[in-house]
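Everything below concerns the one structure shown next.
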Amino acid sequence: MIKKTIILALFMAMLISVGLAKNVDLVTLPARESVQLTIYNSADITLAKETRYVTLKQGMNKLQFSWANTLIDPTSVEFRPLEHKNEIEVRDTVFPGQKPQHLYWNIDSKFEGQVKVEVSYFTSGLTWKMDYTAITDPAEEKMKFRGYVRVFNNSGEEYENAEIRLIVGKINLVEKIADLARRRGIAPPAPDSSQYKGYRNDAAKESFGRAEGRMPSASKSAGYKKPIVKEGISEYFMFSVPGEETIGNGWSKRMEAVKADDVKFDILYRMRAHQYGPRPMRFFIWNNDEKHNLGESPLPDGLVRTFRENGKDGLSYLGEQLIRYVPIKADIEVNLGTDDLVVYETWKASTKRYNFVYNSHNQVHGWDEDGEWIDTIRNYRTKPIKLELRRVWGGDIEYSTKLDTKLFDYRTTETTFTIAARDKTEYRKTVTQHYGKNAKQSRVKLKKR
């Protein structure tokens, strides 16, 4: 009985040794030291760059990398030494058939010891969106402006202490793929082909690299002004979120990305019946520039929620609006809706018809009509307001008024008023319209009284 037990133990040991022989010198990559995620929403593509410390021996080394249950694109995985580059060479990459979602790197090293390396790859399932908060003082003269980015992780991988970078704008990957194909003397591959996917990765890496090469990390230069990268008809830039964050798989995380205090802004009322309806709309307007404590980078699309301090340690909600991509030095405009304390009225006080034209049958074929219009703006607020009035006129129009008025376009007049606190302003004009044979063209012609 003892003899059989010894034989069985020897047999099991032989089996174990044979199994281990297959993986001799095989090393699984150690845990990452850091990771940088560059997330591009438009194409659901994220470039991940991980740094790790690997111990190599002189001669051939075999490193294993796995991506089970993740959305990592295995064709995009790359290994690059960051130290002793001239002494380390990746001989080949092997995808073993018996181990799906694994790869081996065969690495020839003349250096022995620990070395810092970078593993990069493309993955999907990481997305982001921006939202903003504007909080004004009780007098509505300046505000605190904050921008927050929320990153959603459905990639299957958990990223700890990650540096987050966002690609804002649109990179024309299709154009880049076609360009790469032409450079190599072939026709652009079909979108569902593996070759197309490879070109897509190459095109994205080229675009990401151009943006990355012109901007250091936020941790190295907190005050660095993030550049705009322009290429073809695309406009895009890289937006760094300060610090490092851990984003678990299946979770999302909200991080502060824009911070500005004491931002001065203008309040403008706009009366545009053709665009907003019969009542004036109230706007907060400020600029994305240094003067307004902003301007470090363009601002991504996002919802702006606006509040006012009520003087009682609370906030009053004013409104919200989705803003689109805001370049540096461009205006940010938030429409807060109607205001019951500002009233606009318009009516035609009189009408006069003349210059009748008749045809051979003594029928009227044309005439002119003068309309005397009066607009009244009442301000019930305790401080002056500024109101911009635009009105669209149809037909052949001659427009006469004493106040400074300009043409916004060939058929739209624009006049700006300042109305004192608890006061009103009247705006009178004569609108002459040519009808029938008297009409020459559809436009507004301004005339000074």
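Observations on the structure shown:
- Selection within the range 262-299 - surrounded by fewer than 18 Cβ atoms within 10 Å (Cβ to Cβ) and either among the hydroxyl-bearing types (S, T, Y) or in the same structural domain as K386 (by TED's automatic domain parsing) (or both): Y276
- Residue selection: W286 fails the criterion of being in a strand (DSSP E or B), within 30 Å of E426 (Cα to Cα) and more than 27 Å from the chain's Cα centre (by Cα).
- Residue that is surrounded by the most Cβ atoms within 10 Å (Cβ to Cβ), among those in the range 170-202 that are among the basic types (K, R) and in a helix (DSSP H, G or I): R200
- Filtered residues of the range 97-119 (kept if within 24 Å of I72 (Cα to Cα) and either among the β-branched types (V, I, T) or not assigned by TED's automatic domain parsing to the domain that holds W67 (or both)): I107, V117, V119
- Conditions (1) small (G, A, S); (2) surrounded by 13 or more Cβ atoms within 10 Å (Cβ to Cβ); (3) without any contact (Cβ under 8 Å) to a residue 40 or more places away in the chain; number of the one not met by G97: (2)
- Screening the range 343-376 for residues that are exposed (fewer than 14 other Cβ atoms within 10 Å of the Cβ) and charged (D, E, K, R) and picking the one that is nearest to R279 (Cα to Cα) gives E345.
- No other residue among K129, K144, K110 is in contact with a helix residue (DSSP H, G or I) (Cβ under 7 Å, 6 or more places away or on another chain) and surrounded by fewer than 19 Cβ atoms within 10 Å (Cβ to Cβ) apart from K110.
- Consider the range 34-63 and keep the residues that are of a type in the set (D, E, K, R) and without any contact (Cβ under 8 Å) to a residue 60 or more places away in the chain. The one that is nearest to G198 (Cα to Cα) is K62.
- Selection within the range 138-181 - in contact with a Ser or Thr (Cβ under 6 Å, 6 or more places away or on another chain), modelled with pLDDT of 95 or more and aliphatic (A, V, I, L, M): M143
- Within the set A349, A330, the sole residue that is closer than 30 Å to G394 by Cα and not assigned by TED's automatic domain parsing to the domain that holds M238 turns out to be A349.
- Inside the range 433-449, residues that are free of Cβ contacts under 8 Å to residues at least 60 places away in the same chain and either outside any loop (DSSP other than H, G, I, E, B) or of a type outside the set (K, R) (or both) make up a count of 8.
The values are calculated or read from the model by the stated rules, or taken from the named source; none is laboratory data. Note that the structure is predicted; figures quoted are calculated from it, not measured. Backbone-built Cβ (ideal geometry, glycine too); neighbour counts: all protein chains shown.
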